[in-house]
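Please read the structure below before turning to the comments.
The values are calculated or read from the model by the stated rules, or taken from the named source; none is laboratory data. Fair warning: this is a prediction, and the values are worked out from it, not measured in the lab. Note that we place each Cβ from the backbone using ideal geometry, even for glycine, and neighbour counts take in every protein chain shown. Each accessible area value is taken on the protein alone, full model and side chains, heavy atoms only, with ligands, DNA and RNA left out. Shrake-Rupley method; radii C 1.70, N 1.55, O 1.52, S 1.80 Å.
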Amino acid sequence: MQDMTGVLKYLKTAAQCVLTAALASACAGDVFNDFYGTSSERFYGSSEGTGMPVREVTVSSRNVLLLYSAGFNDLSSALEDDVNDLKSGYIPRPGSHSILLVFSRRVSGNSYSNPSPAHLIRLYSGTDGTVISDTLRTWPAGTVAASATTMREVLTYINSIYPKARTGMIFSSHASGWLPKGFYSTGVLPSYSVARRAAAAPEMPVPYIEPEYAPGEPMVKSIGVDNASNSSAYEMEIEDLASAIPEKLDYIIMDACLMGGIETAYALKDKCGKLVFSQAEVMADGLCDYTSLGKRLLEGPQPDLQGLCDDSYNHYSAPGFSKPYLTLSMVDCSALDGLAGVCRGIFNDNRALLSSVNPSDVQGYFRFNKHWFYDMEDILVKAGIPSDKLADFRAALDDCIMYKASTPTFISIEIKTFCGLSMYLPANGSQAIDNFYKTLSWNKATSLVP
């Protein structure tokens, strides 16, 4: 895979501009805007090269995919590779029902002290099959991609030019699940108090240490990270990420480490219909097979998330593959309230059992003693929850989990059991992290930490 050397800007010729103006006046305005968005969106012509809008494509059938790629960090090159892989696969033509967008920020000049701008580009296939990158909007140098403010602005802008479209998002960067920002890296809670978390969270860098890598082990994608320097970074927390999504998305794919927990899922349950994520870390290659991603999510009449998950698992489990490490699940967010109701009763009635769990007996999804991510079902099994209550839990879990798969190991982690969701284990926590956990929507719904 070759590195992407920059965001290409497609400049229309004068003849194309004339054609655009002529068509805008000749075609019915509603038909034109229904397909091409509001008047602020540029006109690209049709896949057949006729320049006429495809009238059978309506606003409600339009399928928009945003790759939100926050790469002002040590993953910058890997995230560029993802975009290049994406370009090698299916790219929609103008006139189709699909729109492919990439929001990206990268390291410029291999230095965090050299602020770079962020770009929103539309990728589409030209009449000769070449991939064209058209810059729709540029944000100033120093814009923080790992920011709820920026994400909300990007999504609001997309909603304005593609109103009423079915929209999905892939979030690609570093991440650390439900933890407070900076904690995974340093083990230190942010300096602001829990009570002031919501007000203090945006645009405040926290101490940051680059992820640990054992000699000879592959690099992983360790909610987003924008490096302010070599020792500090901007990060989001899961509740901030949820607040940044202005309208419910069709699906979210979290191509980032440790996001596959019930805490993440519950925070996003009202923000998307389906959620795809990983319980363990994610290899730098990406959670998805980007070469087939466009085909799965954009070519057909409906996004094929099942096929995307199959492609990912087949990619990482292929015989002889050098980095055969993956945990992956897909959740139906509409069923999460049912799971929360069952868990609330189990947690309240079995606190003594939960507090006596031996952490070393429970399936974990973490390395380097980052012990905040355990298999949700295995916690209850090892706690000795009564069989009838465990059966209720499994029924509710089955309603939520639409897909789950894992390789036998993830680097140094042996995966013996895999339910498709991770969860915090208070028996191996601390008072400080418990206090933060109480602010999460999952804990408010279930009182795992009373």
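Among all residues of region 204-212, there is none that is touching a strand residue (DSSP E or B) at 6+ places or on another chain (Cβ under 7 Å), surrounded by 24 or more Cβ atoms within 10 Å (Cβ to Cβ) and at pLDDT 90 or above.
Residues that are open to solvent by less than 20 Å² (accessible area, probe 1.4 Å) and under 19 Å from PRO180 (Cβ atoms) were ranked within region 143-152; the one that is modelled with the highest pLDDT is MET151.
Checking each residue in region 341-378 for being under 17 Å from GLU414 (Cβ atoms) and open to solvent by less than 20 Å² (accessible area, probe 1.4 Å) picks out VAL362, GLN363, GLY364, TYR365, ARG367, PHE373, TYR374, ASP375, ASP378. In this structure, does SER231 turn out to be at pLDDT 95 or above and among the small types (Gly, Ala, Ser)? So SER231 fails the test. Here is a check on your reading of the model: is ILE121 touching a strand residue (DSSP E or B) at 6+ places or on another chain (Cβ under 7 Å), outside any loop (DSSP other than H, G, I, E, B) and either open to solvent by 30 Å² or more (accessible area, probe 1.4 Å) or over 16 Å from TYR68 (Cα atoms) (or both)? So ILE121 does not fit the description; no. Scan region 164-174 residue by residue and report those that are open to solvent by 10 Å² or more (accessible area, probe 1.4 Å) and part of a loop (DSSP other than H, G, I, E, B). Once the filter is applied, which keeps residues that are open to solvent by 10 Å² or more (accessible area, probe 1.4 Å) and part of a loop (DSSP other than H, G, I, E, B), region 164-174 yields LYS164, ALA165. Can we say PHE410 is touching a Phe, Trp or Tyr at 6+ places or on another chain (Cβ under 9 Å), more than 17 Å from ILE262 (Cα to Cα) and among the aromatic types (Phe, Trp, Tyr)? So PHE410 fits the description; yes. Pairing residues of region 68-87 that are within 17 Å of ARG122 (Cβ to Cβ) with residues that are open to solvent by 20 Å² or more (accessible area, probe 1.4 Å) and at pLDDT 90 or above, at Cβ distances under 7 Å and at least 6 apart in sequence or on separate chains, gives LYS87/VAL131.
With respect to (1) within 22 Å of ALA242 (Cβ to Cβ); (2) of a type in the set (A, V, I, L, M, F, W, C); (3) over 24 Å from the mean Cα position of the chain (by Cα), the lone exception for PHE393 is condition (1). The set of residues in region 379-388 that are open to solvent by 30 Å² or more (accessible area, probe 1.4 Å), within 26 Å of LEU328 (Cβ to Cβ) and over 30 Å from the mean Cα position of the chain (by Cα) contains only LYS382.
Evaluate region 153-163: report whether one residue or more is in a loop (DSSP other than H, G, I, E, B), among the polar types (S, T, N, Q) and loosely packed, with under 15 Cβ neighbours inside 10 Å. Scanning region 153-163 turns up no residue that is in a loop (DSSP other than H, G, I, E, B), among the polar types (S, T, N, Q) and loosely packed, with under 15 Cβ neighbours inside 10 Å. The set of residues in region 79-112 that are part of a loop (DSSP other than H, G, I, E, B), farther than 18 Å from ASP128 by Cα and of a type in the set (A, V, I, L, M) contains only VAL107.
Going by the structure shown, is ASN428 more than 24 Å from the chain's Cα centre (by Cα), under 22 Å from GLY187 (Cα atoms) and not aliphatic (A, V, I, L, M)? Here the answer is yes, as ASN428 does meet what is asked.
Taking residues in region 251-268 that are over 11 Å from SER176 (Cβ atoms), and partners anywhere that are open to solvent by 10 Å² or more (accessible area, probe 1.4 Å) and in a loop (DSSP other than H, G, I, E, B), the pairs with Cβ atoms closer than 7 Å and at least 6 places apart or on different chains are TYR251/PRO303. Open to solvent by 10 Å² or more (accessible area, probe 1.4 Å) and either closer than 26 Å to LYS87 by Cβ or touching a Gly at 6+ places or on another chain (Cβ under 9 Å) (or both): is that true of ALA391 in this structure? Considered against the rule, which asks whether it is open to solvent by 10 Å² or more (accessible area, probe 1.4 Å) and either closer than 26 Å to LYS87 by Cβ or touching a Gly at 6+ places or on another chain (Cβ under 9 Å) (or both), ALA391 comes out as no. Entry remark, region 407-450: residues being out of contact with any helix residue (DSSP H, G or I) (no Cβ under 8 Å at 6 or more places or on another chain) and either open to solvent by less than 30 Å² (accessible area, probe 1.4 Å) or part of a loop (DSSP other than H, G, I, E, B) (or both) number 9 in total. Residues in region 396-406 that are in contact with a helix residue (DSSP H, G or I) (Cβ under 8 Å, 6 or more places away or on another chain) and open to solvent by 30 Å² or more (accessible area, probe 1.4 Å) were compared, and the one that is farthest from MET283 (Cα to Cα) is ASP399.
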